[in-house]
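See below for the structure under consideration.
The values are calculated or read from the model by the stated rules, or taken from the named source; none is laboratory data. Keep in mind the model is a prediction, meaning the values are calculated, not measured. Glycine also receives a Cβ, built like all others from the backbone with ideal geometry; neighbour counts cover every protein chain displayed. Note: accessible area is taken over every heavy atom of the protein model, side chains too, but ligands, DNA and RNA are not part of it. Shrake-Rupley method; radii C 1.70, N 1.55, O 1.52, S 1.80 Å.
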Amino acid sequence: MSAVLGTSGERALVCVRGVDKVFRRGDEVLRILHGLDLEVGRGEFLALMGPSGSGKSTLLNLIGGLDRPTRGEIMIGGERIDRLADRKLAEWRGRHVGLVFQFYNLLPVLSAQRNVELPLLLTPLARARRRRQAAIALSMVGLSHRVNHYPRQLSGGEQQRVGIARAIVTDPTLLLCDEPTGDLDRKSGDEILGLLQALNRDHGKTIIMVTHDPHASARATRVVHLDKGQLSAEATA
Amino acid sequence: MRGWANWISQVGAMTRMGLSTVMERKGSSVATMFGIAGVVLVFVAVLSIGEGFRRTMVVSGDPGVAMVMRAGSDTEMMSIFGGRSVHWIADAPGIARSDQGPLVSAQLFVIINLPKRSSGTDANVPLRGVDARAFGVSDAVRIVAGRRFQPGRGEVIVGVGAARAFAGLDLGATLHVGRHQWKIVGFFEANGGLPESEIWTDAVVLQGAYERGNSYQSVLARLQSPEAFGRFREVLEADPRLNVKVVRQTDYFIEQSRTVYRVVTGLGVTIAALMAVGAVFGALNTMYTAVSARTREIATFRALGFGGGAVMVSVLAESLCLALIGGGVGGGLGYVIFDGFQAATMNWQSFSQVAFQLDVTPGLLFGGVAGALMIGLIGGVFPAVRAASLPVAMALRA
């Protein structure tokens, strides 16, 4: 088991303890994570780095409740999410996690406004309130003038801003970003990183970002490296 | 309440996404819709034969008319009694009267062969011998061209259905049947009922032509009211001079339509069911393709917190929409093409042709669309389950 990497346990929002993740592909057994421990404090901006196949995205999926560990515990805000039933886990994701994807994952048939509104369909908010909240989220990412545009009418950077607006519209506890600048040019990538930094600094959002780009990780408050399924090193910005 | 509203909003958002991408899979989607439309079209077409036949038989009957046949006879074909019996029957209570006396019509029924206009092949046509009182008993019958036949002469009047279906039945033409010649002097209608498939002549002339002596096969009696039937039957069936059975005319025709209706309905349902199996596989293929093409979108919804139930319902909704369109097209085409279409088929009870119009009823259309939705449901349920159980993390990378 690797050493526990993180902040003081009391302030930790994310606690990953002794996590293994094994995939089976036919007869082949792929051990992606080995006894991994990690803590992430509230208000941290953590960059998770490592080479391809090191298990970064797998770890992010486990923290986001998109997948389950083969062994070990994952506690978010004091709740053991690895023990939640599928339906409860989906509800938990809707309430507590904002996801930002490398390829944006916007729905092409919906406008920016409607894309951002999607997670709010899981809340008891009335339609007018949902629209207002989506408009606020879009203004926070600087896209007030693009609310009625469809994804195909937006640049890559703008699409990722819509993706971030969608991730923050429910005011989640945790923002998980999987290579958020991986599909963008340097200028657009910098703008997205600046936006994430602002969300962390000005709004206190806890962010975990998977990246293999040192330029991107430099914006984080803490960087951890993952190699062959284990955390190997850490640096604080 | 708001929870349900939100769940419906989730399903709505996902269904909208699915439907808006149908055209990206237009090949399989259109094939599925046409497959389902074909099933409904065949279902509606075949069953409209049965419905049309039954309707013709049902409207032929009048609850105020009683039919008297020899006991043990299921049809007129099997019945016979002498002329004296007709007088005894006419004395029974409950019979309506006109200036000419009791409204009772003794009838004779023979089958002749005539070529069909459509194929030229011979088919059986009923030639019915009646007396003048038959027009008072069967008051739906009315001359629409020419005039009534004259008693004692070799004249006939032809039902409009028979005139449409069989060659040579033209006003003023002479009909050659065996050694006999009959002049066609009029056409008649009977509210679309069975008599329209018949040729009528004077019963006495027909008795002579076919050497039947003073015999008849049935007696129709118009009753003072439909309620008079019970007493009428009771008296006649108890009369020791007669050996008859009495049925209401409506019941007789409903019974006559039963065999053909069952055969046609069974055939239609069987053919449609076999086609439906193929259509289900088409729908399955389309919906599996749809789920496969939208794997990442579905995974995104799931990642955002949408439940598996909403995913399932949205896939099913898409499948049902395709089925509904297909069913609507099939039903609509069936109505336009087949409703009112003139046809003729064998009445197995009388071994004669019955001309009728195919009848695409609202019930048939409803049944066709319901069947289409069933195909959509079965075709959608397995892909829906697959969509709902996609591993989210893996599907996001698709």
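What the Cα convex hull of region B:209-288 gives, in volume per residue, is 207 Å³. Scalar couplings 3J(HN,Hα) for region B:76-88, obtained by applying the Karplus form with A = 6.51, B = -1.76, C = 1.60 to θ = phi - 60°, are 4, 3, 8, 9, 7, 7, x, x, 4, 4, 4, 5, 5 Hz; x denotes Gly and Pro.
First select every other residue whose beta carbon is under 15 angstrom from the beta carbon of B:THR32; then total the charges, Lys and Arg +1, Asp and Glu -1. Taking every Cβ under 15 Å from that of B:THR32, the sum is 0.
Taking the three principal axes of the alpha carbon atoms in the protein assembly as shown, the coordinate ranges are 121, 51, 46 Å, sorted in descending order.
Between region B:64-89 and region A:28-76, the C-alpha centres lie 93 angstrom from each other.
Along its principal axes, region B:268-376 has C-alpha extents of 69, 22, 19 angstrom, given from the largest down. Over all Cα atoms in chain A, the spread is summed up by Rg and Dmax: 17.5, 53 Å. Per the Debye formula on identical point scatterers at the alpha carbon atoms of chain B, with no solvent, log10 I(q)/I(0) at q = 0.07, 0.09, 0.11 Å⁻¹ is -0.49, -0.66, -0.80.
The angle between the Cα long axis of helix B:26-60 and the main principal axis of chain B comes to about 20°, on a 0 to 90 degree scale.
Take the cross-link list A:LYS21/A:LYS88; B:LYS183/B:LYS245; A:LYS88/A:LYS187; A:LYS21/A:LYS205; A:LYS56/A:LYS88; B:LYS116/B:LYS245 and give me the ones stretching past 32 Å between alpha-carbons. Each step should come with its number before you reach the end.
Details: A:LYS21/A:LYS88 21 Å; B:LYS183/B:LYS245 35 Å; A:LYS88/A:LYS187 39 Å; A:LYS21/A:LYS205 27 Å; A:LYS56/A:LYS88 25 Å; B:LYS116/B:LYS245 35 Å.
The pairs that break the limit, which is 32 Å between Cα atoms, are B:LYS183/B:LYS245; A:LYS88/A:LYS187; B:LYS116/B:LYS245.
Share of carbon and sulfur in the accessible area of chain A stands at 48%, probe radius 1.4 Å. With a Förster radius of 45 Å applied to the beta-carbon distance between B:SER119 and B:ILE254, the computed FRET efficiency rounds to 0.95. Treating each Cα of region B:72-242 as one equal point scatterer and applying the Debye formula with no solvent, the log10 of I(q)/I(0) at q = 0.10, 0.15, 0.19 Å⁻¹ comes out as -0.39, -0.86, -1.28. Counted by Cβ distance under 14 Å from B:GLU234, the other residues give a net charge of +1, where Lys and Arg count +1 and Asp and Glu count -1. Among A:LYS187, B:LYS183, the sequence by solvent-accessible area, most first, with a 1.4 Å probe is A:LYS187, B:LYS183. Region A:164-185 and region A:145-162 have Cα centres spaced 14 Å apart. Shape call for region B:71-153 from the C-alpha gyration tensor, a ≥ b ≥ c root eigenvalues: rounded (a/c under 1.5), prolate (a/b greater than b/c) or oblate? The shape class here is oblate.
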